[in-house]
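Single-structure report; data block below.
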Amino acid sequence: MKVFILLLLVSTSIFGQKATKDTITFREYNTLKWSDFKADAPVGSPFSASVSSGMSYKWSYSTAAGIIDFQYAIDTKLYRNLSWSVYKKEKEEILKHEQLHFNITELFTRKFRKALSEYVVKRNIRKDVANIYANIEKQRVEMQLLYDKETNHSINKESQLAWEKKVSILLNEYEAFK
């Protein structure tokens, strides 16, 4: 019997961040509050807030009795101690903007779950899973950057509303992978 387990935590801001009470998953808690932004704002930053979120995943497989058993778990993580804001109570439009960043990460978590559900285990499973993750992560980062560019970091209200609608529709399309 062969068994392999891989655990990888990836954040947009940090690699290998351990799960703590200051790390929460989208499943546990999917609505941000200003109290979730625990880090100090960087001196001189041109931005008002930053949410640190990412995907964590683990997978395993075994070939007991000649049958391949491929298992995986993927979560959207919020890292409170890496998320910051210069505001703590007001500016709800900025909180909505940061919420959508968290939602976009959840969207790509669902896409990753879908991709792994469709994956046919092959000889190079480690490489295959890493490539699937890398492709999904690249798309996630690209979407996050495009979102900030098109909304001008929440300043463009019309674009912000369009993105909220777009992400909501996409999350619904991947509801089966929640």
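Where a number appears in this text, it was derived from the coordinates with a stated rule and is not lab data. Treat the numbers as computed from the prediction; the structure is a model and nothing was measured. Cβ coordinates were reconstructed from backbone atoms using ideal geometry, including for glycine residues, and neighbour counts include every protein chain displayed.
Full extension of the segment from Leu145 to Glu164, taken as 0.36 nm per residue of separation minus the current Cα-Cα distance, would add 5.3 nm. Ranking Gln160, Ile68, Ala134 by Cα position along the charge dipole of the stretch 52-177, where only Lys, Arg, Asp and Glu carry charges on their C-beta atoms, puts Ile68 farthest toward the positive end.
Between the residues Phe102, Trp34, Tyr119, the greatest Cα displacement towards the positive end of the dipole of the chain, with unit charges on the Cβ of Lys, Arg, Asp and Glu, is found for Tyr119. If only the Cβ of Lys and Arg carry +1 and only the Cβ of Asp and Glu carry -1, the dipole of the chain around its Cα centre is close to 560 debye.
Cross-link partners of Lys96 among aspartates and glutamates, defined as those whose alpha carbon lies under 19 angstrom from its own and excluding same-chain residues fewer than eight positions apart: Glu28, Asp36, Glu106, Asp148, Glu150, Glu158, Glu164. As a calculated quantity, the FRET efficiency between Tyr87 and Lys157 at R0 = 22 Å, using C-beta atoms, amounts to about 0.80. With neighbour counts taken as other beta-carbon atoms within 10 Å, the residues Trp163, Trp84 rank, fewest first, as Trp84, Trp163. As I understand it, the value is the acute angle between the Cα axis of helix 157-173 and the longest principal axis of the Cα atoms of the chain; what does it come to in degrees, rounded to 10? Rounded to the nearest ten degrees, it is 20.
Averaged over residues, the count of other Cβ atoms within 10 Å places the peptides 101-113, 40-52 in the sequence 101-113, 40-52, highest first. Against the chain, whose longest principal axis comes from its Cα atoms, helix 125-151 is set at around 10 degrees.
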